[in-house]
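I have placed the structure first, in the form of C-alpha coordinates, so that the comments after it can refer back to it.
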Amino acid sequence: MRSIVDFAPDDVILDRAAILGSQGIPGDADLTDNFERIYSEAIDLYQELAQPAGIVSGITISRFEEVFRGEGRNEPANPVEDIFRRSGYLALFAVTLGAVLSSRVTELFNNGDYASGYMLDSVSSFAADKLTDLAAAYLKLELTDKDPAASSWRVLGYSPGYCGWHISGQKKLFEVLRPDETGITLNESCLMSPIKTVSGVLIAGPGEIHEFVNSYPFCDTCRAKSCIGRMRNL
(Lines give C-alpha, C1' and ligand atoms only; values in the text may rest on other atoms or scores of the structure.)
Protein backbone atom coordinates (compact mmCIF):
# COMPACT_ATOMS: atom_id res chain seq x y z
CA MET A 1 0.00 0.00 0.00
CA ARG A 2 1.38 3.36 -1.08
CA SER A 3 -0.84 6.43 -0.93
CA ILE A 4 -0.51 10.18 -1.40
CA VAL A 5 -2.80 11.76 1.17
CA ASP A 6 -4.15 15.31 1.05
CA PHE A 7 -5.46 16.99 4.17
CA ALA A 8 -7.26 20.27 4.76
CA PRO A 9 -5.93 22.87 7.22
CA ASP A 10 -9.16 22.46 9.21
CA ASP A 11 -8.40 18.75 9.66
CA VAL A 12 -5.86 19.79 12.29
CA ILE A 13 -7.52 20.86 15.53
CA LEU A 14 -5.35 23.68 16.85
CA ASP A 15 -5.04 23.49 20.64
CA ARG A 16 -4.60 27.02 21.94
CA ALA A 17 -3.37 25.88 25.37
CA ALA A 18 -0.76 23.57 23.83
CA ILE A 19 0.45 26.20 21.37
CA LEU A 20 0.83 28.84 24.08
CA GLY A 21 2.33 26.25 26.42
CA SER A 22 5.11 25.60 23.91
CA GLN A 23 6.08 29.23 24.50
CA GLY A 24 5.96 28.87 28.27
CA ILE A 25 2.61 30.66 28.54
CA PRO A 26 -0.21 29.08 30.59
CA GLY A 27 -3.20 28.31 28.38
CA ASP A 28 -5.53 30.23 30.69
CA ALA A 29 -3.27 33.28 30.93
CA ASP A 30 -4.85 36.71 30.61
CA LEU A 31 -3.15 37.96 27.44
CA THR A 32 -2.75 41.53 26.28
CA ASP A 33 -4.81 42.73 23.34
CA ASN A 34 -1.65 42.90 21.23
CA PHE A 35 -0.71 39.33 22.07
CA GLU A 36 -4.24 38.15 21.24
CA ARG A 37 -3.95 39.92 17.89
CA ILE A 38 -0.64 38.21 17.14
CA TYR A 39 -2.12 34.82 18.03
CA SER A 40 -5.24 35.38 15.90
CA GLU A 41 -3.17 36.54 12.93
CA ALA A 42 -0.99 33.43 13.20
CA ILE A 43 -4.07 31.20 13.12
CA ASP A 44 -5.41 33.09 10.09
CA LEU A 45 -2.09 32.75 8.27
CA TYR A 46 -2.01 29.03 9.01
CA GLN A 47 -5.52 28.58 7.60
CA GLU A 48 -4.62 30.62 4.51
CA LEU A 49 -1.18 29.25 3.69
CA ALA A 50 -1.01 25.66 4.96
CA GLN A 51 -1.02 23.00 2.26
CA PRO A 52 -0.99 19.81 4.33
CA ALA A 53 -0.20 16.61 2.48
CA GLY A 54 1.70 13.41 2.98
CA ILE A 55 2.64 9.97 1.82
CA VAL A 56 2.07 6.63 3.57
CA SER A 57 3.77 3.48 2.28
CA GLY A 58 3.54 0.01 3.78
CA ILE A 59 6.74 -1.87 4.53
CA THR A 60 7.54 -5.35 5.83
CA ILE A 61 9.27 -5.90 9.15
CA SER A 62 12.32 -7.39 7.42
CA ARG A 63 12.61 -4.42 5.06
CA PHE A 64 12.11 -1.94 7.87
CA GLU A 65 14.93 -3.63 9.79
CA GLU A 66 17.25 -2.33 7.04
CA VAL A 67 15.70 1.14 7.17
CA PHE A 68 15.93 1.31 10.94
CA ARG A 69 19.53 0.09 10.96
CA GLY A 70 20.47 3.00 8.71
CA GLU A 71 24.12 3.90 9.20
CA GLY A 72 24.39 1.80 12.36
CA ARG A 73 24.31 4.77 14.74
CA ASN A 74 21.19 3.94 16.76
CA GLU A 75 21.36 3.52 20.52
CA PRO A 76 22.11 -0.14 21.40
CA ALA A 77 18.93 -0.40 23.46
CA ASN A 78 15.88 1.54 22.29
CA PRO A 79 12.10 1.14 22.44
CA VAL A 80 11.45 1.49 18.71
CA GLU A 81 13.22 -1.77 17.87
CA ASP A 82 11.25 -3.67 20.49
CA ILE A 83 7.97 -2.14 19.33
CA PHE A 84 8.24 -2.63 15.56
CA ARG A 85 9.16 -6.29 15.93
CA ARG A 86 5.81 -6.90 17.67
CA SER A 87 3.75 -4.87 15.20
CA GLY A 88 0.86 -6.02 13.07
CA TYR A 89 1.68 -3.59 10.27
CA LEU A 90 4.30 -0.97 9.45
CA ALA A 91 4.24 2.00 7.09
CA LEU A 92 6.81 4.67 6.34
CA PHE A 93 5.38 8.17 6.22
CA ALA A 94 6.20 11.80 5.58
CA VAL A 95 3.77 14.67 6.13
CA THR A 96 4.22 18.38 5.50
CA LEU A 97 2.44 21.71 5.79
CA GLY A 98 3.98 22.82 2.50
CA ALA A 99 6.57 25.34 1.43
CA VAL A 100 4.39 28.47 1.43
CA LEU A 101 3.71 28.45 5.18
CA SER A 102 7.33 27.66 6.03
CA SER A 103 8.48 30.51 3.82
CA ARG A 104 6.18 32.96 5.59
CA VAL A 105 7.70 32.03 8.96
CA THR A 106 11.18 32.72 7.57
CA GLU A 107 9.98 35.97 5.99
CA LEU A 108 8.58 37.28 9.28
CA PHE A 109 11.87 36.62 11.07
CA ASN A 110 13.90 38.15 8.24
CA ASN A 111 11.73 41.27 8.42
CA GLY A 112 12.36 41.59 12.15
CA ASP A 113 8.78 40.74 13.13
CA TYR A 114 9.98 38.26 15.73
CA ALA A 115 6.80 38.09 17.79
CA SER A 116 4.64 37.19 14.79
CA GLY A 117 7.30 34.87 13.41
CA TYR A 118 7.65 33.00 16.68
CA MET A 119 3.89 32.65 17.06
CA LEU A 120 3.39 31.38 13.52
CA ASP A 121 6.31 29.00 14.02
CA SER A 122 4.65 27.64 17.18
CA VAL A 123 1.30 27.19 15.44
CA SER A 124 2.98 25.50 12.48
CA SER A 125 5.08 23.17 14.64
CA PHE A 126 1.99 22.07 16.56
CA ALA A 127 0.07 21.48 13.33
CA ALA A 128 2.93 19.52 11.73
CA ASP A 129 3.08 17.17 14.71
CA LYS A 130 -0.68 16.65 14.51
CA LEU A 131 -0.37 15.65 10.85
CA THR A 132 1.32 12.49 12.11
CA ASP A 133 -1.87 11.68 14.02
CA LEU A 134 -3.91 12.24 10.86
CA ALA A 135 -1.62 9.92 8.89
CA ALA A 136 -1.99 7.33 11.65
CA ALA A 137 -5.79 7.66 11.53
CA TYR A 138 -5.70 7.27 7.75
CA LEU A 139 -3.63 4.09 8.01
CA LYS A 140 -5.87 2.62 10.69
CA LEU A 141 -8.93 3.21 8.51
CA GLU A 142 -7.23 1.51 5.57
CA LEU A 143 -6.24 -1.47 7.72
CA THR A 144 -9.69 -1.77 9.28
CA ASP A 145 -11.34 -1.78 5.85
CA LYS A 146 -9.25 -4.85 5.01
CA ASP A 147 -9.53 -6.52 8.42
CA PRO A 148 -12.11 -5.38 11.00
CA ALA A 149 -9.91 -6.83 13.76
CA ALA A 150 -7.52 -3.93 13.20
CA SER A 151 -10.14 -1.56 14.64
CA SER A 152 -8.79 -2.35 18.12
CA TRP A 153 -5.20 -1.55 17.14
CA ARG A 154 -3.33 1.64 17.99
CA VAL A 155 -1.21 3.34 15.35
CA LEU A 156 1.59 5.62 16.53
CA GLY A 157 4.37 7.38 14.67
CA TYR A 158 8.08 7.20 15.54
CA SER A 159 10.70 9.43 13.94
CA PRO A 160 14.48 9.50 13.50
CA GLY A 161 16.05 11.71 16.14
CA TYR A 162 13.84 10.36 18.91
CA CYS A 163 13.71 7.30 21.17
CA GLY A 164 17.22 6.14 20.26
CA TRP A 165 16.65 6.18 16.50
CA HIS A 166 19.56 8.25 15.18
CA ILE A 167 18.72 11.27 13.03
CA SER A 168 20.92 9.85 10.25
CA GLY A 169 18.19 7.24 9.83
CA GLN A 170 16.41 9.83 7.69
CA LYS A 171 18.73 8.98 4.81
CA LYS A 172 17.68 5.35 4.48
CA LEU A 173 14.06 6.26 5.22
CA PHE A 174 13.99 8.78 2.35
CA GLU A 175 15.83 6.37 0.04
CA VAL A 176 13.07 3.80 0.50
CA LEU A 177 10.03 6.09 0.89
CA ARG A 178 10.92 8.50 -1.96
CA PRO A 179 8.59 11.31 -0.79
CA ASP A 180 9.86 13.83 -3.36
CA GLU A 181 6.61 13.50 -5.32
CA THR A 182 4.96 15.39 -2.44
CA GLY A 183 7.63 18.10 -2.55
CA ILE A 184 9.48 16.75 0.51
CA THR A 185 13.27 16.54 0.26
CA LEU A 186 16.22 15.82 2.55
CA ASN A 187 19.61 17.54 2.51
CA GLU A 188 23.02 16.15 3.48
CA SER A 189 22.56 17.37 7.06
CA CYS A 190 19.35 15.32 7.37
CA LEU A 191 17.21 18.46 7.45
CA MET A 192 13.88 18.16 5.68
CA SER A 193 12.32 20.70 3.37
CA PRO A 194 9.76 22.20 3.71
CA ILE A 195 10.75 22.93 7.30
CA LYS A 196 7.40 21.99 8.81
CA THR A 197 7.65 18.33 7.86
CA VAL A 198 7.60 15.14 9.92
CA SER A 199 8.73 11.70 8.76
CA GLY A 200 9.16 8.27 10.29
CA VAL A 201 7.35 4.98 10.65
CA LEU A 202 3.75 4.31 11.63
CA ILE A 203 3.58 1.23 13.84
CA ALA A 204 0.20 -0.50 14.08
CA GLY A 205 -0.74 -3.20 16.55
CA PRO A 206 -2.32 -3.87 19.94
CA GLY A 207 -1.97 -0.89 22.25
CA GLU A 208 0.30 -2.69 24.68
CA ILE A 209 3.15 -2.98 22.16
CA HIS A 210 3.66 0.79 22.49
CA GLU A 211 4.18 0.64 26.25
CA PHE A 212 7.69 0.92 27.65
CA VAL A 213 9.49 2.31 30.67
CA ASN A 214 11.20 5.57 29.72
CA SER A 215 14.38 4.79 31.62
CA TYR A 216 16.76 4.49 28.67
CA PRO A 217 19.98 6.55 29.05
CA PHE A 218 18.88 8.98 26.32
CA CYS A 219 15.57 9.65 28.10
CA ASP A 220 17.41 11.94 30.53
CA THR A 221 18.29 14.37 27.74
CA CYS A 222 14.93 14.19 25.95
CA ARG A 223 13.11 17.52 26.17
CA ALA A 224 9.87 16.36 24.56
CA LYS A 225 8.88 13.48 26.87
CA SER A 226 5.89 13.01 24.55
CA CYS A 227 5.96 9.26 25.17
CA ILE A 228 4.39 9.80 28.59
CA GLY A 229 1.23 11.37 27.20
CA ARG A 230 1.04 8.92 24.31
CA MET A 231 1.18 5.90 26.59
CA ARG A 232 -1.34 7.49 28.93
CA ASN A 233 -3.78 7.70 26.02
CA LEU A 234 -3.37 4.10 24.85
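The values are calculated or read from the model by the stated rules, or taken from the named source; none is laboratory data. All values derive from a computational prediction rather than experimental measurement. Don't worry about glycine lacking a Cβ; one is built from the backbone with ideal geometry, like all the others, and counts go over all protein chains shown.
Does the range 97-114 hold any residues that are surrounded by 15 or more Cβ atoms within 10 Å (Cβ to Cβ) and small (Gly, Ala, Ser), and which are they? If the condition is that a residue be surrounded by 15 or more Cβ atoms within 10 Å (Cβ to Cβ) and small (Gly, Ala, Ser), then 98, 99, 102 are the ones that fit.
When you scan the range 149-203, how many residues do you find that are of a type in the set (Gly, Ala, Ser), out of contact with any Asp or Glu (no Cβ under 7 Å at 6 or more places or on another chain) and surrounded by fewer than 21 Cβ atoms within 10 Å (Cβ to Cβ)?
We begin by selecting, within the range 149-203, every residue of a type in the set (Gly, Ala, Ser); these are 149-152, 157, 159, 161, 164, 168-169, 183, 189, 193, 199-200.
Among the residues that remain, those that are also out of contact with any Asp or Glu (no Cβ under 7 Å at 6 or more places or on another chain) are: 149-152, 157, 159, 161, 169, 183, 189, 193, 199-200.
This time we only want the ones that are surrounded by fewer than 21 Cβ atoms within 10 Å (Cβ to Cβ), so: 149-152, 159, 161, 183, 189, 193.
Selection size over the range 149-203: 9.
A single entry from 139, 143 fulfils the requirement of being touching a helix residue (DSSP H, G or I) at 6+ places or on another chain (Cβ under 8 Å) and either more than 22 Å from residue 186 (Cα to Cα) or surrounded by 20 or more Cβ atoms within 10 Å (Cβ to Cβ) (or both): 143.
Among the candidates 14, 45, the residue that is within 27 Å of residue 92 (Cα to Cα), under 21 Å from the mean Cα position of the chain (by Cα) and surrounded by 15 or more Cβ atoms within 10 Å (Cβ to Cβ) is uniquely 14. Taking residues in the range 51-79 that are farther than 22 Å from residue 128 by Cβ and modelled with pLDDT of 95 or more, and partners anywhere that are small (Gly, Ala, Ser) and not in a strand (DSSP E or B), the pairs with Cβ atoms closer than 6 Å and at least 6 places apart or on different chains are 70/168; 70/169; 71/168; 73/168; 74/164; 75/164; 78/164.
Out of 93, 126, 84, I need the residue that is in contact with a Ser or Thr (Cβ under 8 Å, 6 or more places away or on another chain), under 18 Å from residue 203 (Cα atoms) and not aliphatic (A, V, I, L, M). Which one? It is 93. Within the range 139-162, is even one residue within 22 Å of residue 101 (Cβ to Cβ) and of a type in the set (Val, Ile, Thr)? Looking for residues that are within 22 Å of residue 101 (Cβ to Cβ) and of a type in the set (Val, Ile, Thr), one finds none in the range 139-162, hence no.
Here residue 156 fulfils each of the conditions (1) touching a Lys or Arg at 6+ places or on another chain (Cβ under 8 Å); (2) under 18 Å from residue 4 (Cα atoms); (3) not in a helix (DSSP H, G or I) apart from (2).
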